[in-house]
Each structure stands twice: as structure tokens, then as C-alpha cells.
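Worksheet: the structure to be examined is printed underneath.
Quick note: the coordinates plus some simple rules give every number you see, no bench work behind them. Given the structure is predicted, the values throughout are model-derived calculations rather than measurements. Counting neighbours? That spans all protein chains shown, and the Cβs are built from the backbone with ideal geometry, glycine included.
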Amino acid sequence: MNRQLVHHLTITENTADVFSLQFSEDGTVLAAGCDDGAVRIFDTTTGALLFTMGTADASALAITGVRFRPAGSGEGRAKNVLLAASAGGVVQHWHYPSRKVLSKFVERDNQVYGLDYRSDGAQFGTTGKDRAVRVYDEGTGKLVVEMTTGLSRGAPGHSNRVFSLKYDPDSGNTVVTGGWDNTVQVWDVRTGYATHNIFGPHIAGDSLDVANGRVVTG
């Protein structure tokens, strides 16, 4: 049996609980959304803390979702941009090397738990407490579509909080979500409805992925 040596790195500089993680596309840094309202960026080679954005305050609401903007997502756009969402409904674009907020908006009366970029970076989606799935244009920041229901009883939309959202990398029009209602819903951005669902997975965090026509949940 072949055995592969795996390098394990323990990051010790993080002082808060983590709600969401994502590696940069080149794998050199790791972003962590934390319960103290801060986003921390770590070096994946050394484990060193490179940048901290946000309040890092025990009274702040948690950062529940983080996503790096895909490279090459529009000529002239700033590089090294991170999208972050909080339990307060705040969605922010950070230029993390300078720790500057590039844009910010609030989804009123909502707690945003999950978010993701389309593979080309032209859109991003959010979801959360109010069960809606919202898709935004990355260039203008305008809402493209808000999705709440399905086309049939087999895909009625969500009936409880939604904690995870993922674009299908093979289809820029397909968004997959999961949450407390024990379903994974598959949405079509073009029609604005859920097309079908998978019953069973109980998802309570940023723990859903899509690849090669398969869905993985945690």
C-alpha cells in the first residue's frame, strides 16, 4: 500500500472561534471568519497571522461566511479581494493587504450565513436567516434575483434557516443551498426558482460543496 506523507500545520495565533474558512486560489493564504467580528488571513506555509480585518471585539457579531474573489474576474478590478458576511446581515468587500473596505451593504432584518462567488466572479450569492437566496452583480452591487420558492412540491424552497450556499462550477446559473430544514435545494438563477432538492442533510454551517455533478455536505 502506498503511503503519502501529509504535512500538518497548526495555526496557534487565532484567538476566536471560526465559522467559515477558505483558501485563496493559489493556496498561499487562508481566510477565517471568526465569532469576534474579525476576518483573519493566515500564511499557509508558516501559519503566521498576516492580516486582521474587522472589529475583533467580543461583543461583535460573527463573520459567518468568507470567499476570495476569483482571479481574473474583470479587467481593471482590484486583486486580493475577499467577500465577507456577518450574522448582522452586513456584506463587505475587503482589500485584505491594505485592510480597506471597498464596499458594504446590509440585508435588512436578515442574518447572512452563507455566500459564494460564481466561478467567473461576475456574481455572488447570499443566504441566511430569512431563507431567501439572493444573487448580486459583482460590478454594480445590484440585486439580480431573489429566490424563495420552487416550481413544484419536490422543490418548495427552504422552510428554515439556510447556512451554506455554493455555485455549481460547471453551471454559472445553478446555485445549491442547505440548512436546518434537512434539504439541499438546487436553484436556477435564470428562472428564479428551485428546480429540485435532496432530502436528508442537516447543515448548520459553511459545509456544502459541488463538483463534477456531485454534492458534498457536512
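In this structure, the amide hydrogen of F19, modeled 1.01 Å from its nitrogen in the peptide plane, lies closer than 5 angstrom to those of G33, C34, D35, counting only residues at least 5 positions away or on a different chain.
So what's the net charge close to N14: Lys and Arg +1, Asp and Glu -1, counting the other residues with Cβ under 14 Å from its Cβ? Please list the in-between numbers first.
On the way: positive: R40; negative: E13, D17, D35, D36, D43.
Around N14, the surrounding residues sum to -4.
About its Cα centre, the dipole of the chain is roughly 220 debye, where the only charges are +1 on Lys and Arg Cβ and -1 on Asp and Glu Cβ.
For F51, nonlocal amide neighbours, meaning residues 5 or more places apart or on other chains whose placed amide H falls under 5 Å from its own, are I41. Under 25 °C and 0.890 mPa s, how fast does the stretch 105-145 diffuse according to Stokes-Einstein, given a Kirkwood radius computed over C-alpha pairs? Answer in µm²/s, whole number. Rounded, D is 235 µm²/s.
For the chain, leaving out every one of the trypsin sites (Lys or Arg not before Pro) that falls in a DSSP loop and has at most 14 other Cβ atoms within 10 Å, the longest unbroken run is 4-76. Taken one residue at a time, the phi angles of the stretch 167-174 give Karplus couplings (6.51, -1.76, 1.60, θ = phi - 60°) of 6, 6, x, 8, 8, x, 9, 10 Hz. Gly and Pro are set to x. Dipole orientation for the chain: of the candidates V145, A78, T174, V145 has the Cα lying most toward the positive pole (charges on Cβ; Lys, Arg +1; Asp, Glu -1). Less than 5 angstrom separates the built amide H of L115 from those of L165, all sequence-distant by 5 or more or on a different chain. What's log10 of I(q)/I(0) for the stretch 67-112 at q = 0.17, 0.29 Å⁻¹, Debye sum over Cα points only, no solvent? With one equal scatterer per Cα and no solvent, log10 I(q)/I(0) is -0.51, -1.02. Each 5 Å bin from zero holds the following percent of Cα-Cα pairs in the stretch 158-218: 4, 21, 32, 26, 14, 2. Build a GNM of the chain with springs between Cα atoms under 10 Å apart, and of T140, T44, T64 the one that fluctuates most is T140. Scaled to the globular estimate 2.2 N^0.38 Å, the Cα spread of the stretch 1-113, given as radius of gyration, is 1.14. Once Rh is set to the Kirkwood radius over Cα pairs, what Stokes-Einstein translational diffusion coefficient, in µm²/s, holds for the stretch 93-218 at a temperature of 20 °C and a viscosity of 1.002 mPa s? For these conditions, the coefficient is 147 µm²/s.
Here the chain was treated as a single set of alpha-carbon atoms; its pair distances binned every 5 Å from 0 give 1, 7, 15, 19, 20, 16, 11, 6, 3, 1, 0, 0 percent.
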